[in-house]
1. Count, please, the residues in the stretch 116-140 that happen to be within 19 Å of Arg235 (Cα to Cα) and not hydroxyl-bearing (Ser, Thr, Tyr).
2. Here are Leu25, Leu74, Leu118, Leu66: which of them is surrounded by 12 or more Cβ atoms within 10 Å (Cβ to Cβ), of a type in the set (A, V, I, L, M, F, W, C), assigned by TED's automatic domain parsing to the domain that holds Glu298 and under 30 Å from Asp137 (Cβ atoms)?
3. For the subset of the stretch 274-288 comprising residues that are in contact with a strand residue (DSSP E or B) (Cβ under 6 Å, 6 or more places away or on another chain) and modelled with pLDDT of 90 or more, which member is surrounded by the most Cβ atoms within 10 Å (Cβ to Cβ)?
4. For the stretch 231-252, state whether one or more residues are in contact with a Leu (Cβ under 9 Å, 6 or more places away or on another chain) and of a type in the set (S, T, N, Q).
5. Can you name the condition, by its number, that Ala85 falls short on among (1) surrounded by 15 or more Cβ atoms within 10 Å (Cβ to Cβ); (2) modelled with pLDDT of 85 or more?
6. Considering each residue of the stretch 31-41, count those that are closer than 14 Å to Thr10 by Cα and surrounded by 16 or more Cβ atoms within 10 Å (Cβ to Cβ), and give that number.
7. Considering (1) among the aliphatic types (A, V, I, L, M); (2) over 30 Å from Ile131 (Cβ atoms); (3) at pLDDT 90 or above, say which one Ala109 fails and leave the rest.
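The values are calculated or read from the model by the stated rules, or taken from the named source; none is laboratory data. What you see is a predicted model, and the numbers here were worked out from it, not measured in a lab. When we count neighbours, we look across all protein chains shown, and the Cβ atoms used for this are built from the backbone with ideal geometry, even at glycine.
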Amino acid sequence: MNKSFELTPTRLRELRGFAAAARLLNFSQAARVAGCTPSVLSRRIAALEKATGNPLFLRTTRRMTLTTRGEQLLAYCERLEAVMAELAVNLRPRTGELAGRLCVHLPAAYGRTCIAPLLAEFMRNYPQVHIEASYDDTYIDLVETKVDLALRVGKLADARCAARRVGTMRRYLCASPDYLASAPPLNDPSDLKQHRCVFFTGLRTGTLWQFTRQRQRRSVRIEPVLTCNDSQAVRDAILAGVGIGIQGDYMADGLVVEGRLVEVLTDWPLSSSPIHLLWLPGADRAPAVRSLIDFLAESLGKVNS
């Protein structure tokens, strides 16, 4: 074993701090999650960088990103968290049937499509668990709303919450074959200025659509002909030939296979979005909450594998 990387209590604290910083890409917020000061967190990450022999973050005056080694270490941390969570569940005393009432908040379209069937399966397994599920795309404060568990797509912003990554959503531009048959050429992001665009208001970048090809970055400010606050309404408009829009893989992949939608600008992909389960620290001590977290993480892991 590499003596410089034994999983001592100190090393585990360093890994927890690194994982928080890697997810939030903000040392101040990550320090609050890790329960320490930013200077202590910096020392812990410096110790990890020394132990691995590689920098884990790239820092500029404007932004911070993970290095390749940092991304690898985050993946190991998430696997370690999953193992520890499974161990905690398996070693918990079996004192009776799982029961309780849970409040769950889910994004509207993704929640209805991907999570609602899993909740039904969970409740068949544990009929004494009652769930109150809300499906909408508004940002909620878990403290104020007394939500036990939330699922969010995109970068995390609430440093007070514990989180577990359960997947990745690929988003891409698509249009109907009928629209493309009579539309102007579309070979470069700048060509979008000549196209009719359908816009979902839930996108954090707003009407600024951002593309990446290798190390090149391009941004285009669209002027939508239709704006919707519901991603399924956006999908229906795209299918009807209204214009080009952004769709998540869970909603559009099947339609692309069927030929009802066509992915466009494939050489200029949009950034993918992480999917996380969030809960307030300590909420997962309740057996029903912990079991639902583990069940959803395992189920979504099978879908994404």
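1. Qualifying residue count, the stretch 116-140: 2.
2. Unique residue meeting the criteria: Leu118.
3. Leu277
4. yes
5. Result: Ala85 fails condition (2) only.
6. Here the count works out to 3.
7. The failed condition is (2).
Results for (1) aromatic (Phe, Trp, Tyr); (2) over 30 Å from Lys146 (Cβ atoms); (3) within 21 Å of the chain's Cα centre (by Cα); (4) surrounded by fewer than 18 Cβ atoms within 10 Å (Cβ to Cβ), shown as yes or no for each residue.
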site: Arg160; (1), (2), (3), (4): no, no, yes, yes
site: Ser219; (1), (2), (3), (4): no, yes, no, yes
site: Glu223; (1), (2), (3), (4): no, yes, no, yes
site: Ala240; (1), (2), (3), (4): no, yes, no, yes
site: Gly248; (1), (2), (3), (4): no, no, yes, no
site: Thr266; (1), (2), (3), (4): no, yes, no, yes
